[in-house]
Structures are given as structure tokens and as C-alpha cells.
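Notes for the one structure printed next.
The values are calculated or read from the model by the stated rules, or taken from the named source; none is laboratory data. These numbers come from a predicted model, not from an experiment. Here Cβ is always computed from backbone atoms with ideal geometry, including for glycine, and neighbour counts include all displayed protein chains. The accessibility values were calculated without ligands, DNA or RNA, using every heavy atom of the protein model including side chains. Shrake-Rupley method; radii C 1.70, N 1.55, O 1.52, S 1.80 Å.
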Amino acid sequence: MSSVLLQKIRSAGGISPVLQQCEPLWASLEAVGEKWAKVIFEHDLAAQVIQKTPLNGKEAEEQMSERFGYICLPYSTTGLRAVALDSSTARRYAAIKLKQASDTLSQSPRLFLRLMCDHPARTLWKELAKAIPVGPDLPADFSVVDPASLPDSFDPQEKLIKVVLAFAEEGEEDGWLLEGGEEFPELHLFYEAASLTRHAGLMHEKASTGKAAADPAGQANLRKQMRTSTIKLDAVLERLSLSLADCSRFEVGQVIPLPDVEPGILSLCAETMHGSVAISQAELGTWKGKRALKLTSPVLESFAQEIAEI
């Protein structure tokens, strides 16, 4: 089992189902992450939300102390509360700006890397606030600072949700690694739980309202088009499973036995999204001088139900 899948399983509990299942919200986060990576690292990196973990303010402070954490000034107790970058990400950004290899900055002071990464942290915060407006509007002159410089910025018992965005190279070539990246970036985003959950609920209500208010004329037109569309039907006498070696030895005039076939009895099969499905039984005969099928059993109920619902 992959480490990414394990992280998803472990982080599944303790979060409201409305938030957990709000795919548009997580898709927005991933889109922001990819846009941010393109600007900051000049690389096309695919972003994926791999973890959503509930935690309190004390736990958030402890986890951010192991990374390069930033909070916003002026800060609010709602919305996005903090972001954190890992050390390899900080070194990679600094190396890009200084036009040198990442490994040359392995001994760089943390303060130097933190100051270098003020810009990407501020850019990330700005894009997140625009795409997922769960807190107050940001003033044009907002700044990002080390949480350690504001010891009262977190209530130890406040409820937060940590969202982890992991990045990976798009395509088959590991250009990021070949160009000096020690590992792919990973962002930790700390949201105030209630405001993020409330935002997910609003997104869900908006989506539901949009579906209810869909244009009736448009739905009728779509239904009409679907009912006049075509589907492929096959009259199948028998299906055989043979090895490729057996098939390669077929010759003209060869007789292939069909021991279980009843003369004239066929299956009527339809091509569906799940492949060819037998929807009825039929007999082979003639009608008005042409070959024809006569159904001998009702059409498969599930197939008929899908047609009735269109």
C-alpha cells in the first residue's frame, strides 16, 4: 500500500462529511497549488490533497516548528490560519532565485531561507484567499511572519484542520529531480475548522440550488437528443473463450463445435458503458422475406429502467 494512500486513510476521521466530500473545494486547493508552483518554481507540477487532519492550536504550533511556518498580518481567527513549507522546498526556491544548485544551500541558516521564502508564502496566501474566501479580505499591504514572533496567535485548544498538498512531476521525465530538487514540494495549510466546514456547506448548497434551477427547456432538449441517439445491438449465438495460440491456428474450412447452443436460439446484446450486455433472448426466423429476430423473454429490467429514466 502506498504512503499516499496510507496518509489518506489515517486522515479520514474526525472531519465533517460535508467537508470531507466537498470535491470542488479540494479541487480548488489543488488548482491553486499547481498555479503557485508554476510561478514560484517555473515547473509544471501536479498537486494532490493527500491529507486532511483535525488538530488543535498547540499541535499546529508544534508541527510548524519543524518546518518554515508563516501566519498573516493582520491575522484573523477564521479562515486560513497558517501555511508551512518544508526545508527542501525553501532551499529549491532560494537556489532558483540565486541561480545556483540546491545542495550548495544545505548549510544555509534557517533565518536566511525563511526570509527568502517570504515571497512564495505571501503569494500562496494571496492565491488561497482569492480562490477559497473563508476569512476576511486581505489588505493590499498584508505580510507573512514567523508564528514564533507572535506567541498568542494560536489558542492551544482551537480546532484546526491541516490540509497537506503534495506535488509530483507531470509527465514521465523527472525534470524536477534532475535539475537539483531533493524531493518534491509539500505544503501544509492550517485552516480554522468551523469556517472551512461552513464554506464547504455553502458550496454544497450552491451546487444543489444550481441543479434545481437548471433550465427545464434545456433538460427536455437533452432528453430528446438522447432518445433519438443510436445504440448497437448484436444477435449472439454463442461466446467462446480461446487462447491466442488456438486462434492463431484457425484455418479455412475448420469446424468449431458449439455443444451448448440450441438451434435458432440467440442472445440479444447491447453495447453499454460496461461492455456488451445480454438484454434479452430471441429466436432466429424470417419476416417479410428477411431474416428477423423474435424476442422470447422480456428486456433486462435494469436496462429498461435506465431507458425509462432518460
Added length on full extension, which subtracts the Cα-Cα distance from 0.36 nm per residue, A131 to V252: 37.0 nm
Linear extension gain, A46 paired with K232, 0.36 nm per residue minus alpha-carbon span: 63.1 nm
In nm, spacing of pseudo-spin labels at R110 and N56 (7 Å Cα→C-beta vector): 2.4
Chain lengthening between Q21 and D155 when straightened (0.36 nm per residue, less Cα-Cα): 45.5 nm
Solvent-accessible area of H204 with every protein chain in place, 1.4 Å probe, in Å² to the nearest 10: 110
For E192, solvent-accessible area (1.4 Å; no DNA, RNA or ligand), Å²: 30
Segment 1-145: relative contact order in percent, alpha carbon pairs under 8 Å with at least 6 residues between: 27
Whole-angstrom gap from segment 58-115 to segment 192-210, using each part's C-alpha centre: 30
Calculated from backbone phi, Karplus (6.51, -1.76, 1.60) coupling profile of segment 249-261 in Hz, x at Gly/Pro: 9, 4, 9, 4, x, 5, 9, 10, x, 10, x, 9, 8
